[in-house]
Structure formats: C-alpha cells, structure tokens
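**Q** Have a look at the structure that comes next, please.
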Amino acid sequence: MGIIMAVAGSAIGLGNFLRFPGQVAQNGGGAFMIPYFIALLLLGIPLMWVEWSLGRYGGGFERGTAPGIFHSLTEKAKFIKYFGILGIFGPIVIFVYYIYIESWTLAYTWFALTGKYAQIPDAAGMGGVLDGLLGQTPGSSLSTVYVFFLITFLLNVVVIYFGIRGGIERLCNIALPILFVFGVALMVRVLTLSPSANPSWTVAKGLDYLWKPDFGALLHAKVWVAAAGQIFFTLSVGIGVILTYASYLKKGDDIVLSGLTSVSTNELAEVVLGGSIVIPAAFVFLGPDVLQTMKEGHQFGTFSLGFVTMPLVLNQIPWSAIFGFFWFFLLFLAGITSSVSLSQPAIAFMEDDFLISRRKAVTIFGIVTFVCVQPVIFLYGHGLLGELDFWGGNLFLILFGTIEIILFAWVFGMDRAWVEIHHGADMRVPAFYRYVLKYVTPVFLLCIMGFWIYQEGWDTLIMKDLKPADRPYILVTRVVLLLFFAVLAVLVAMASKRYKDRSASQEERT
Amino acid sequence: MSLSASIFLILSWVFIIGLMIFCFRRVFSKKEMD
C-alpha cells in the first residue's frame, strides 16, 4: 500500500490539475481526448508494468537507475546502458521548470490568505495577477515569486535529504485524500456555476468542448504527441522515476495490481476531477474564443490556465480565502511529492554508481538545478519554460518509453518479460497485452515519433513558430541541453566500470 | 451538451471509477489476507 501511495503521489501533481487542462485547451478539447485514452490503454498501462518490472529486476542487481538497469538486461550489448541516460536527464529537465511552477502554487496560497485576487471579477484581471507575479507586466518585479521559489526550493532539498521514504509516504497518505475531498468540492461548485460573462458560456458547453469527439484531429501527429506526452507525464512513465522506486521492491511484490492501482488513482484525479474543474470553469469565465487562441498558442502557457480560472471559481464560493488557501496549498504538497520523486534518479545515480554520500549527492543536485532554474525564472517571457516542457515533458518521455519497451520486449525477451511481470502477482495481465507489449506499443510509439518528425520535426528544429526575438534564447537552451546530455554520457561511461565490478562480484557469490 | 459528448464522458468516467474500485477492492482484500 505504501509504495502505491508513493507512486500515486509522484503521479498525482500539477500535471493533473494544471497541465492536463492546458494540454486539452491547446489541442482542441474533444480532439485531444480520443488519442489520450488510446495512449492510456496502449502506452500508459503497459509501460507502467514495464517500468515496475524493469526497476524491480534491476534492483536485484543493486542497480536503481536506468543505465545500470539496462546494463543488467543482457550480456550481449553493453552499449544499451547509454540509452539509460535519458532516464536521468529527463527528470532533471522536468524538475528544473516544475519546481518554478510549484512555487507559483505557494505564492497563490499566500495570495488566497491575503485577498490579493479576492476582488478581481474577470479573467483579464486574473491574468494580470499571474503576469505581475512572473514579472511580465510593466513595472512588475520578480521579487515576490523569487522569495516563494527560494522557499519551495529549500523545502524540496530538505525533503529530499531527510524524508525520502517515510517522509514522502506519510505526506502522500495525508495530502492525497484531502486533495481528493477538495477536488470533489470544487468540481461540484464548478458544475453548478451560472454563466457570468456571457449567457451562452455555460458549463454544459464547456463539457461539450472537452468531450465532443473530433475524429478529424486524429490525423495530426502533434495531437498524438501531446496526448502520449500527457499520459507519460501524468503517470510518471518514460521519466525514470518509477524505475528507481521499483528498484526498492522485493521479488514477491505484486506489481501488476500496484501499477494498475496507481494508474486508476491518477486517472480519477486527472480526468474526473481535473477535467471537470479547470476546463468548464475556463469556458464559463473566458469563453470559447480564448480557448481557441490557446490552441493557436497566442494566450496562456500550458500551466497558466489553472492560475487564471481557479481563483475566479474560488471567488464564487463562501469562505473563498480558506478554500483558496487549502486548494493551492494542497496543490503545492502534491507538487512537492512529484518534484521530490523527480530528483530520485539523479540522486540514486550518484549514490549507487559513484558511491557519493547522500549529503553530497543532494548538495550537487541542489546546486546544479538551482543554477539551471535561474534562466527559466528570469527569461520566462522568452518561452524557456514551454521549451523545456516540450522536450522534457513530451518528446524525451516518448523517446525513453520507446527505448524501454523495445529493450524489455525484444532484447530481454517477451517470454522472460512476461514471467518477470507476473512474479508475486495474484492477478494475471490479460493475455492480449502480451501482443500489445511486443508489437502494438513499440509500433505505436515509433509511428508517433515518425509522423511527428515528418509533420513537425523540421519546423520545430528551425524554430519556425517562435517569435524572432525568442529564437536566440531557445537556441542557447537547446545547446545547453545537448551539452548537459553529453556530460551525463561521460558519467555513465565512468559508472559502467562499477557495473563490471558488481557483475564480477555477483558471479563470485554464485 | 451533445449526445456524443455525453456518451464519451459517461463511458470514460465509468471506466476509470470502475477500474479504481476493482483495484482497491483487490488491494484491501490482499491486505486483509496478509
């Protein structure tokens, strides 16, 4: 139960209540939901089982991060450890921007108590509060958000250092049920909202926007990439975090049921609660035109929509200051459980493969990520956060998921993989998933990648859709990401010496 | 709200809530056995 709560705590976070509605709006509402559910069934659930199995298998070799775990899969192809770099690189990239958004939730917790947004009646005013916080309006400063960022960052470092297992599990056991109760209360309030700005902007039309299927959108690779990316992001698969958590499991632990339970808990938070709060509220307060401009990329970032609409909803309920305080504070707690988990692969890599003490590993991780967050904060207006989210929160996850499934089903071998998944499991995975794991998931992922490269790859590479003023900043961001990746490749090469030593000592023992 | 949107919403919710009930019933019965 504890590990289910820890993984659910890692999965349930800002992705459910902030990123999901933003992705839905940016990808045309109902057009997004069909690829989303297909991705859940054919990518999310199978990859959840794959990661739990791979992690537990690698844990048996005392390896807790992707390079070491991949290395343990086969004796024949030792280069495959380098595919595991993404399993350390990806979570660091996500951590760097995720922690900044987490600090916004802490700032809004404070704003709720001090009544900063209590008197603001419309979306334009609420957008101004967010822009002011992020230093995007004339005369505004970053001092407020920076203070909240420092508090958030320090708190994360403290939790990472002191309370990894007991701390996170205890936090999840308390925070998650309360978050669900508040989520249900807010959902009920949103579903009973009356149109305010325009009589035709009703909750029913907001739900229609979200749930009306649009089969025409299935031809756009961008929507499939976004839907698959959201599934990966929200379930924390394709990141590398579950590999590290699962490496602590025992051989007899039931990963089939644990994986499925954390998936269903996360989806309840995302689709039932997240989908019924922000999008219908955004429709009531902002109308369809704003959602359309979001789709075209002209208004609000992926994560911003919730910060504009949620305070408007909270202003409509009694004791809005108290509700607002609890809501944003619980989002903050949900964010912490996720961001702390994002640090685990890098920390485990340093501890396990370089025998660095936990204290030193946390210090190194803290310094590196602290430096990397600075451009995200100070150059926010040039789109650095969105750029990191696109690579770290979408493409790297899909790429890493593709690598994992191919290694597991084809290199490790489907027969061994099937046995490994079922070790300790009371429940059998439906037999057709054997074919899904071997053929459907890898082909599906390769098709998404292939079509995306064909349709969008070149335009993304030449930064076609970006403002000319932003291009130099984005280019530098990409170069830094590449250099960082290269540094990790060198570190993995150095670490592989220890893999050999451990393999030798294990052979001696046997 | 259109008929297709209503059907899609209901099917999705039933699937997710049903899956969750199924999983947690098994988790708790397993916990009791342990």
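**Q** Among A:265, A:74, A:402, which comes first, then next, by fewest other beta-carbon atoms within 10 Å?
**A** A:74, A:402, A:265
**Q** Using the Cα centre as the reference, give the magnitude of the dipole from point charges on the C-beta atoms of chain A (Lys, Arg: +1; Asp, Glu: -1; all else neutral), rounded to the nearest 20 debye. Before the final figure, lay out the partial values.
**A** Details: 32 positive and 31 negative charges, 155 e Å.
For chain A, the charge dipole is close to 740 debye.
**Q** Also, quick follow-up: Can you give me the relative contact order of segment A:74-158 as a percent, contacts being Cα pairs under 8 Å and 6 or more apart?
**A** 31
**Q** Rounded if a/c is under 1.5, else prolate if a/b beats b/c, else oblate: with a ≥ b ≥ c from the C-alpha gyration tensor eigenvalues square-rooted, which is segment A:418-467?
**A** Judged from the Cα gyration tensor, segment A:418-467 comes out prolate (a/c at least 1.5, a/b above b/c).
**Q** Follow-up question, since we're still on this one. Cα to Cα, under 18 Å, and not fewer than 8 places away if on the same chain: which aspartates and glutamates meet these conditions relative to residue B:31?
**A** Those aspartates and glutamates meeting the cut-off are A:169, A:253, A:254, A:426.
**Q** Let me check I've understood the local charge: for residue A:433, count other residues with C-beta under 15 angstrom from its C-beta, Lys and Arg +1, Asp and Glu -1. What total comes out? Intermediate results must be reported in sequence, preceding the final value.
**A** On the way: positive: A:428, A:434, A:438; negative: A:51, A:415, A:420.
Counting the neighbours of residue A:433, the net charge comes to 0.
**Q** Picking from A:340, A:202, A:451, whose Cα lies most toward the positive end of the charge dipole for chain A (charges on Cβ: Lys, Arg +1; Asp, Glu -1)?
**A** A:340
**Q** Rounded, prolate or oblate: which fits segment A:303-423, taking a ≥ b ≥ c as square roots of the Cα gyration tensor eigenvalues, rounded meaning a/c under 1.5, else prolate when a/b beats b/c?
**A** Prolate, since a/c reaches 1.5 and a/b exceeds b/c.
**Q** Just for the Cα atoms in the protein assembly as shown, what are the lengths along the principal axes, largest first, rounded to whole Å?
**A** If we take the Cα atoms of the protein assembly as shown, the spans are 74, 48, 48 Å.
**Q** Tell me which lysines have Cα within less than 23 Å of residue A:222's Cα, excluding those fewer than 8 residues away on the same chain?
**A** List returned: A:212, A:295, A:464, A:467.
**Q** In this model, which of A:250/B:30; A:116/A:205; A:81/A:360 are farther than 20 Å apart at the alpha-carbon?
**A** Beyond 20 Å between Cα atoms: A:116/A:205; A:81/A:360.
**Q** OK, next. Test of understanding: ordering A:48, A:350 by Cβ neighbours within 10 Å, fewest first, what list do you get?
**A** Arranged by neighbour count, lowest to highest, A:48, A:350 become A:350, A:48.
**Q** If Lys and Arg each add +1 and Asp and Glu each add -1, what is the summed charge of the other residues whose beta carbon sits under 15 Å from the beta carbon of residue A:390?
**A** Around residue A:390, the surrounding residues sum to -1.
**Q** State which stretch of chain A is the longest one without any exposed trypsin sites (Lys or Arg not before Pro), exposure meaning a DSSP loop state and at most 12 other Cβ atoms within 10 Å.
**A** Result, exposed sites excluded: A:252-427.
**Q** Additional query: Along the charge dipole of the protein assembly as shown, pointing to its positive end and built from +1/-1 on Cβ of Lys, Arg, Asp and Glu, which listed residue (B:13, A:421, A:46) has its Cα farthest out?
**A** Selected residue: A:421.
**Q** What is the local net charge at residue A:34, summed over the other residues whose Cβ is closer than 13 Å to its Cβ (Lys, Arg +1; Asp, Glu -1)?
**A** Here the charged neighbours net out to 0.
**Q** Kindly put A:433, A:100 in sequence by how many other C-beta atoms sit within 10 Å of each C-beta, fewest to most.
**A** A:433, A:100
**Q** Return the distance in nm (one decimal) between the two label points of a simple spin-label model at residue B:3 and residue A:162, each offset 7 Å from Cα along Cα→Cβ.
**A** 6.0
**Q** Note down the magnitude of the dipole of segment A:255-404 about its Cα centre, charges +1 on Lys and Arg C-beta and -1 on Asp and Glu C-beta and zero elsewhere, to the nearest 20 debye.
**A** For this selection, approximately 400 debye.
**Q** Also, quick follow-up: If you count, for every residue in A:206-214, the Cβ atoms of partner chains within 10 Å of its Cβ, what is the mean? Kindly include the intermediate steps, with their values, before the conclusion.
**A** Values: counts 1, 5, 6, 2, 4, 11, 8, 5, 1.
Rounded to a whole number, the mean comes out at 5.
**Q** Right, something else. Put a dot 7 Å past each Cα toward the Cβ at residue A:321 and residue B:17; how far apart are the dots in nm?
**A** Taking the two extended label points, one gets 3.6 nm.
**Q** Could you calculate the contour length gain from residue A:465 to residue A:411, that is, 0.36 nm times the residue separation minus the distance between their Cα atoms, to one decimal place in nm?
**A** Stretched fully, the residue A:465-residue A:411 segment lengthens by 15.5 nm.
**Q** Also, I was wondering about something else. Can you give the FRET efficiency for residue A:359 and residue A:480, using 1/(1 + (r/R0)^6), R0 = 35 Å, r = Cβ-Cβ distance, to the nearest 0.05?
**A** Rounded to the nearest 0.05, the efficiency is 0.80.
**Q** In debye, nearest 20, what is the charge dipole magnitude of segment A:399-501 about its Cα centre with +1 on Lys and Arg Cβ and -1 on Asp and Glu Cβ, if you could check?
**A** Here the size comes out at about 240 debye.
**Q** Then there is this: Label point 7 Å out from residue B:24 along Cα-to-Cβ: which residues of segment A:176-206 have amide N under 18 Å?
**A** Once the point is set 7 Å along Cα→Cβ of residue B:24, A:176-188 turn out to lie under 18 Å by backbone N, inside segment A:176-206.
**Q** Over all distinct Cα pairs, what is the inverse of the mean 1/r for segment A:91-172, reported as the Kirkwood hydrodynamic radius in Å?
**A** Averaging 1/r across every pair of different Cα atoms and inverting gives 14.3 Å.
**Q** Here is a follow-up. Give me the one-decimal nm value for the distance between modelled label points at residue A:204 and residue A:453, 7 Å along each residue's Cα-to-Cβ direction.
**A** With each label point 7 Å from Cα toward Cβ, the separation is 4.8 nm.
**Q** Restricting to Cα pairs below 8 Å that are 6+ residues apart, what does the relative contact order work out to for chain A? Please round to a whole percent.
**A** 33
**Q** Now for a separate question. Percentage of Cα-Cα pair distances in segment A:393-487 greater than 16 Å, rounded to whole percent?
**A** Above the 16 Å cut-off, segment A:393-487 has 68 percent of its Cα pairs.
Read-outs: derived from the displayed coordinates by stated rules, not from any lab. Note that the structure is a prediction, hence the values are computed from the model and not measured. FYI the Cβ positions are ideal-geometry reconstructions off the backbone, even for glycines, and counts take in every protein chain you see.
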